[in-house]
Amino acid sequence: MRGLSLVGWYHSHPFGHALPSLQDIDAQMDYQLKLQGSNNSFQPCLALICGPYYHGNQGSESKISPFWVMPPPEVSCGGGDGPTPCKSCAHWPL
């Protein structure tokens, strides 16, 4: 759609912690690489994970954890037909 930009994505860990798993970090890195500009800069892309039914939640509140990832400066990611697996650094909470 024209005029729209991806600013983030979300999903839930219904009965678990609202913390990013390795799969979540990989998915976030994939989004960040897709948003990489021609000058190799990264555009903001926010990930949210909701843990609505985790037994450790206080009362009936859902926990929501925002996070984003960036590759370390010494690691080169991307190129070719898709993202190249790389070690990344997750940042949360925001």
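Every read-out reported here was derived from the displayed coordinates using simple, explicitly stated rules and does not represent laboratory data. Fair warning: this is a prediction, and the values are worked out from it, not measured in the lab. Cβ placement follows ideal geometry from the backbone for every residue including glycine, while neighbour counts extend to all protein chains displayed.
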Item to check | Of all residues making up region 9-32, the number that are surrounded by 14 or more Cβ atoms within 10 Å (Cβ to Cβ), assigned to a loop (DSSP other than H, G, I, E, B) and not small (Gly, Ala, Ser) | outcome: 4
Checklist entry - Which pairs have Cβ atoms under 8 Å, sit 6 or more apart or on different chains, and link a residue in region 17-28 that is within 19 Å of ASN57 (Cβ to Cβ) to one that is surrounded by 15 or more Cβ atoms within 10 Å (Cβ to Cβ) and of a type in the set (Lys, Arg)? => result HIS17/LYS63; ALA18/LYS63
